[in-house]
Amino acid sequence: MVVEDMRNGDIVGEYLPNPATMHYVMALKPGVYKVTISIDEFEPLEQKIEIADKASFNPQLTIDYKLKRN
């Protein structure tokens, strides 16, 4: 999983899942990001996510990604 800051195009992180749970954990500053998941034998997936500022902070955001086989 690659996370890109949509304001400037900078890559802010590359993440691998926990092998036991297949979950990812990220800590991101407020902003808008593009998440890209590329795994062999699956179609790439891209999604925009927005992390709110302190006024509407959510300490934990859970997103379930569904990948399609090629």
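The values are calculated or read from the model by the stated rules, or taken from the named source; none is laboratory data. In this text the structure is predicted, and so the values were computed from the model without any measurement. With ideal geometry, Cβ positions are generated from the backbone for all residues, glycine too; neighbour counts draw on all protein chains shown. Side chains are part of the model used for accessible areas, which takes the heavy atoms of the whole protein and leaves out ligands, DNA and RNA. Shrake-Rupley method; radii C 1.70, N 1.55, O 1.52, S 1.80 Å.
Write down the accessible area per residue of the chain in Å², having rolled a 1.4 Å probe over the full set of protein chains. Present the calculation step by step, with values, prior to reporting the outcome.
Numbers: 5790 Å² over 70 residues.
Computed with neighbouring chains in place, this is 83 Å² per residue.
Check each of the trypsin sites (Lys or Arg not before Pro) in region 13-70 and keep only those in coil by DSSP with at most 11 other C-beta atoms within 10 angstrom; list them in order.
Details: sites: K34, K48, K54, K66, K68, R69; in loops: K66, K68.
Answer by residue number: K66, K68.
Just in region 1-65: which GluC sites (Glu not before Pro) are loop by DSSP and have at most 13 other Cβ atoms within 10 Å? Numbers along the way, then the final one.
Working: sites: E4, E14, E41, E46, E50; in loops: E41.
Listed in order of number, the matching sites are E41.
Could you pull out the chymotrypsin sites (Phe, Trp or Tyr not before Pro) across region 1-35 that fall in loop regions by DSSP (anything but H, G, I, E, B) with no more than 13 other Cβ atoms inside 10 Å?
Working: sites: Y15, Y24, Y33; in loops: Y15, Y24.
Here the sparse-neighbourhood loop sites are Y15.
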